[in-house]
Amino acid sequence: MQIHLNHPKYRMLTLTEQGLTLHNDRKLPLFPDKVLETAVTVSNDQLHVAALLQDYTILHWWGNEELHPQAINTEAQPKRGLKLVTDSAGIPHIFYLEQNQKRSGYTLMQHTFQTNDWSDGIRVTGNISSDPKHWHVCFGVNQTLHLVYANQELDTLFYRMTDMKTKTWSGAIPLVQEQVEDPQIYVAQDLLVIFWVSNLEQGKVVRAIVQEGTWGKPSNLSSIAKDIFQPGVNLESDQPTIIWMQGGKLWSASYSQQWSQPEQFALEARQAVFQTVLAKREQSSGCCILRVYRQLEPLSQQTGESAQIKPTSGKITQSSAPEIDQAAKERREVERRFFAEAFQLHQEWQAVKAQYTQFLQNQQALSEKISHELRQELQEWIKTEYAQQTLAAIQSLREEIQAQTERIRMIREEIRSLKLSQTQNQGKDRLIEQVQGRLEKLEVSVRAKVSEQQLLDQLKELKARISRVEQELNPPQTKTVPRRTLLQKILSRL
């Protein structure tokens, strides 16, 4: 990885297997190995370099002539996507993605460098893609920072802004709802420009949106193709200009009230590099990193070697000029072949990717066909098996119905005989009741008769006793007027 620097002393920062290195007239190693990612920014000629190590710690070097190392206090969680940006007041800010505690996604974190130390991290958003190429941050005016990012599903592009004077982030504004990749944002001539690559069903297309007080509508800068990649900017143009690779060639579109039609130019005319971009406004120290397409330089300027061709007379001699021209031509030819081979490799990769995609589609179609045939066979087997089981069940049901019918008939006969016996029993019961009634009446009458006889016997005995008493009390006398006897009196009273 190489990042070109706009700095009075250092011209490049490289990250290789040998470690992290700064370049000027010589190489200045910063860290030998175990560096996963690096980021850099410039603040008033002060250089700030950050390195993400394999143990997920972040180191920071800053200074001009002498670089001072320090560690940034962060959580011990997996990190990625290290980026540095300087706001218009010259204050550096570091951003990175940190895995959340549930390990279900990443959170965008921010630290601010003030009074020679880094602040505690603040959470910017959790709905962000875990791929660092799907988000970008850039400085604005009046200490504002602009952020553009794709969500976790990569189907919506969001924009947010922060005012570092109040240290508050705005809400997320959805710009487009489509599959996006490689979004970038930068300020050009008081315009805020966002551009990205959209993945449509027909292919890819470069799109852009401009904020002139308010957001406009997204515009298509390129035609739809399958091999669009590496969108970047041209800082040498007087107008906001976007450049991208398509079909093995470079294409560009410029903005002036509206976007121009895409124009094509030679691939070997420019090269894409990551570069620190400084604010062009006065009283602004903003800096961010962009993919920049710049014109190829002569070999001597590109290598930056101290041993350059310097004629003794102060002018290029006739013998040395052809050598420089020849070296530059060879350099450009090598780079042209490199880009051609890279494009060819990209084309082959796209072809392999298309074949693999087609294979997956065919595999899916074949799988669906086999699954459909298996389902049909299974349904036929189920129908046959179900029909056989149904016939057996029907036969068994018929037999059971016949058995139940016979049982019902027997139960009906038993009920009929039971009813008959009940009827007979009811007749017997009525006869018994009648006999019992008559017996009770006879008993009552007998009892009555017995009582009457006893009464008569008692009366007779009573009469006899009365007559004996009367004889004792009334001896026989001469006959006179007949008197009512005591017995007559008693009988009269009865």
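What follows draws every value from the coordinates through simple rules; no lab data is involved. As the structure is a computational prediction, the values presented were derived from the model and not from experiment. Here the Cβ is made from the backbone with ideal geometry for all residues, glycine too, and neighbour counts use every protein chain on show.
General remarks:
- Extending 7 Å from the Cα toward the beta-carbon at both residue 442 and residue 268 defines two label points whose distance is 15.0 nm.
- Taken as Cα centroids, the stretch 106-127 and the stretch 163-215 sit 22 Å apart, rounded to the nearest whole angstrom.
- Integer Hz, Karplus 6.51/-1.76/1.60 couplings in order for the stretch 81-92, x for Gly and Pro: x, 5, 9, 10, 8, 10, 7, 5, 8, x, 9, x
- Relative packing of 96-106, 79-89, which averages over residues the other C-beta atoms within 10 Å, highest first: 79-89, 96-106
- Extension gain for the segment residue 423 to residue 191, taken as residue separation times 0.36 nm less the Cα-Cα distance, is 72.4 nm to one decimal.
- Length added when fully stretched, residue 224-residue 410, from 0.36 nm per residue minus Cα-Cα: 58.2 nm
- Rounded to the nearest 20 debye, dipole of the stretch 358-443 from Cβ charges on Lys, Arg, Asp, Glu: 540
- Spin-label model, residue 199/residue 461: points 7 Å from Cα along the beta carbon direction are separated by 13.4 nm.
- Where a label projected 7 Å from the Cα of residue 116 along Cα→Cβ would reach, residues of the stretch 76-91 with amide N under 18 Å: 91
- Environment charge at residue 157 (Cβ cut-off 14 Å; Lys +1, Arg +1, Asp -1, Glu -1): -2
- Net charge contributed by nearby residues that have their C-beta within less than 13 Å of residue 74 (K/R +1, D/E -1): -1
- Taking amide H as placed 1.01 Å from N in the peptide plane, residue 43 has its amide H under 5 Å from the amide H of 48, each at least 5 places away in sequence or on another chain.
- Environment charge at residue 211 (Cβ cut-off 12 Å; Lys +1, Arg +1, Asp -1, Glu -1): -1
- A Förster distance of 30 Å, applied to the separation of the beta-carbon atoms of residue 16 and residue 366, puts the FRET efficiency at 0.10.
- Between the amide H of residue 250 and those of 265, 267, distances stay under 5 Å, these residues lying 5 or more places away or on another chain, with hydrogens modeled in the peptide plane.
- Residue (of 395, 379, 415) at the positive-pole extreme of the stretch 358-443, dipole from beta-carbon charges: 415
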